[in-house]
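Everything below concerns the one structure shown next.
The values are calculated or read from the model by the stated rules, or taken from the named source; none is laboratory data. Note that the coordinates shown come from a computational prediction; the quantities given were computed from them, not determined experimentally. Note that we place each Cβ from the backbone using ideal geometry, even for glycine, and neighbour counts take in every protein chain shown.
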């Protein structure tokens, strides 16, 4: 956690940067521990920030502030650019997603889905050791703060249909097509 002193009040500083991409600008959020969130084009950035602040702030904790800092998020931006260029299949930038233990378990399993492939929600639930928790898995994916980096777009319905994506199904379809085209 990055904390700074200012006028006698501690504060949590979250660094932010805009990263260009072929799907539109991505807003990155991070701090010294790692990347916290990625807001996709079409997502409500204010809602992303409220959710992020809610996970960082709380009783007895200092306030959270945003500071623009392109340099501190340059590696994450570079890795995303490599992904969109078809040269990166796995992100190794430090991550610090905030969620419940179950959400963290789901997100870790999602990171294991191979580039250019898809899993069903049921298969993902089974991989968490809770095969009947399909709806809970879907809810965990909806709360994923790091889309693309934690590739929840690779999770589809049991019959191959696209289901739910924070920035819309058209973007999910685009990401899957991009991966299929560059996987070879």
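Checking residue 96 against (1) outside the structural domain of residue 53 (by TED's automatic domain parsing); (2) under 28 Å from residue 18 (Cβ atoms); (3) out of contact with any strand residue (DSSP E or B) (no Cβ under 6 Å at 6 or more places or on another chain), only one condition comes out false. Which one?
(3)
Is it fair to say residue 145 is in contact with a helix residue (DSSP H, G or I) (Cβ under 7 Å, 6 or more places away or on another chain), assigned by TED's automatic domain parsing to the domain that holds residue 175 and modelled with pLDDT of 95 or more?
The answer is yes for residue 145.
How about region 145-155: which of its residues are free of Cβ contacts under 8 Å to residues at least 60 places away in the same chain and assigned to a loop (DSSP other than H, G, I, E, B)?
Within region 145-155, 150, 151 meet the criteria.
How about region 127-144: which of its residues are within 26 Å of residue 174 (Cβ to Cβ) and assigned to a loop (DSSP other than H, G, I, E, B)?
Passing the criteria: 143, 144.
Considering region 156-182 alone, what residues qualify as being part of a loop (DSSP other than H, G, I, E, B) and farther than 16 Å from residue 42 by Cα?
Residues satisfying the conditions are 157, 158, 159, 160, 161, 162, 163.
In the list 167, 158, 142, 127, which residue meets the criterion of being in contact with a strand residue (DSSP E or B) (Cβ under 9 Å, 6 or more places away or on another chain), closer than 22 Å to residue 95 by Cα and without any contact (Cβ under 8 Å) to a residue 60 or more places away in the chain?
Step by step, each of 167, 158, 142, 127 is checked, and only 127 is in contact with a strand residue (DSSP E or B) (Cβ under 9 Å, 6 or more places away or on another chain), closer than 22 Å to residue 95 by Cα and without any contact (Cβ under 8 Å) to a residue 60 or more places away in the chain.
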